[in-house]
Amino acid sequence: MNQRHLLSSALASVMALGLVSQASAEMGAEKGKEKCFGVAKAGENSCANLSGSHSCAGQSTKDKSAEEWKLVAKGTCAKLGGLSAEEAKVALAKSTDKK
């Protein structure tokens with residue numbers, strides 16, 4: 001095995017471990033949190049939206065869109081004026097029907 005191959009393998013292993021630890025940290029951060037729809041500002045959503053038009057965090061284009069969500073502390077969503085997943089689906093269906 002040449003030195004370049006060994007170095008590439010080592011680098012790949014370190015990167016994979018970094019991804020695993022990051023995912024574990026994110027899973028731990030979700031304890032005590034809930035998805036709150038309709039409160040995220042443009043570019044500050046936590047992940048994919050309800051309509052499926054994007055699948056990543058930070059890709060929302062409108063403030064407080066009912067299809068976008070953000071993780072918030074449990075019990076605070078209603079205080080922020082947010083919606084549960086079911087309420088957001090209903091709101092999204094109503095807005096789609098009007099078009």
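The values are calculated or read from the model by the stated rules, or taken from the named source; none is laboratory data. Computed from a predicted model, the values in this text were never measured in an experiment. Here the Cβ is made from the backbone with ideal geometry for all residues, glycine too, and neighbour counts use every protein chain on show.
Values as computed for the structure displayed
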item	result
Unique residue being over 10 Å from the mean Cα position of the chain (by Cα) and free of Cβ contacts under 8 Å to residues at least 12 places away in the same chain when the list is Lys64, Lys79	Lys79
Leu50 being under 12 Å from the mean Cα position of the chain (by Cα), of a type in the set (A, V, I, L, M) and either at pLDDT below 60 or assigned by TED's automatic domain parsing to the domain that holds Glu67 (or both)	yes
Residue that is nearest to Thr96 (Cα to Cα) [pool: residues in region 34-86 that are in a loop (DSSP other than H, G, I, E, B) and of a type in the set (Asp, Glu)]	Glu67
